[in-house]
Amino acid sequence: MTRTRSDQASKIPVPYVIAYSGELDTSPIKFVRSPIGGLRLSYEHPHEGDWRYGALCARSGQSREGRPQWRKLNTRRQWDCMENLLCQVCGNPAQDRATGRVPWIVTDAVFRRVGATGGLASAPPTCLSCIPVALSLCPHLHVSPAIYMVGNSRPASVLADMYTPDAEGRAYFTGEHNVELPLWGSTNLPFAFAHQLVMFISEMTPMNVTQ
Ligand SMILES: [Zn+2]
């Protein structure tokens, strides 16, 4: 029996981190005076929690209404996964209770090695029970995926779109997408509209998975 495209699509679980069309938030942004002087990017109507690590974190709805946007991550869920080590597929804690370590799928697209046993990861961890579905789900994971058990992790940088102010404080997009800014030492964080958190993961040991 031949299945239709829509039949197949309806059987694919939508990972926790994926954005939905109904979650788009287009609240206006502008530059305001920072408490420590200078300007920083802000929502016109700021909320507590808009800024993380000195950068404005893009808002996103949490309704999961509309259509899955397979190429886009929901910013706030992506950050939640990183900061709380939640599985990017099911949203539950990813840590392996037996070892205390965190399984992490690593591909060239979402990982850059830094040093001997660690590197920078822009995709969140995946719990052991979701690894098979994660590998089958995402076409890019078929390109030499490696799975590691990670002993240590911490926020390291953000990926952001960059804005610049005019004399009235209006915010203008500079045309720079996906700029990686380190959380410590970057003077550009006040001009960043951050949409992804990048983690430094270390104490990585390879895990063998038989599919
Ligand atoms: Zn999971």
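Read-outs: derived from the displayed coordinates by stated rules, not from any lab. Small disclaimer: the values here were computed from a predicted structure and weren't measured. Heads up, the Cβs are rebuilt from the backbone with ideal geometry, glycines too, and the neighbour counts pull from every protein chain shown.
Data for the structure
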read-out: Relative contact order, percent, the chain [alpha-carbon distance under 8 Å, six or more residues apart]; value: 23 percent
read-out: Dipole of the chain [Lys/Arg +1, Asp/Glu -1 at C-beta], most positive-end residue of L73, G118, P13; value: P13
read-out: Highest-first arrangement of 121-133, 170-182, where packing means the average Cβ count within 10 Å; value: 121-133, 170-182
read-out: Karplus 3J(HN,Hα) series, Hz, for segment 50-61 with 6.51 cos²θ - 1.76 cosθ + 1.60 (x for Gly, Pro); value: 5, 9, 10, 6, x, 10, 6, 9, 4, 6, 8, x
read-out: Karplus-derived HN-Hα couplings along segment 159-174 (A = 6.51, B = -1.76, C = 1.60, θ = phi - 60°), whole Hz, x at Gly and Pro; value: 9, 9, 8, 9, 10, 10, x, 9, 5, 8, x, 5, 9, 10, 5, 7
read-out: Placed amide H near L85: partners under 5 Å, 5+ positions off or other chain; value: none
read-out: Cα-centre dipole for segment 14-206 with unit charges at Cβ (Lys and Arg positive, Asp and Glu negative), debye to 20; value: 240 debye
read-out: For the chain, diffusion coefficient by Stokes-Einstein and Kirkwood Rh (Cα), 10 °C, 1.306 mPa s, µm²/s; value: 86 µm²/s
read-out: Degrees between helix 75-84 axis and first principal axis of the chain (Cα, 0 to 90, nearest 10); value: 70 degrees
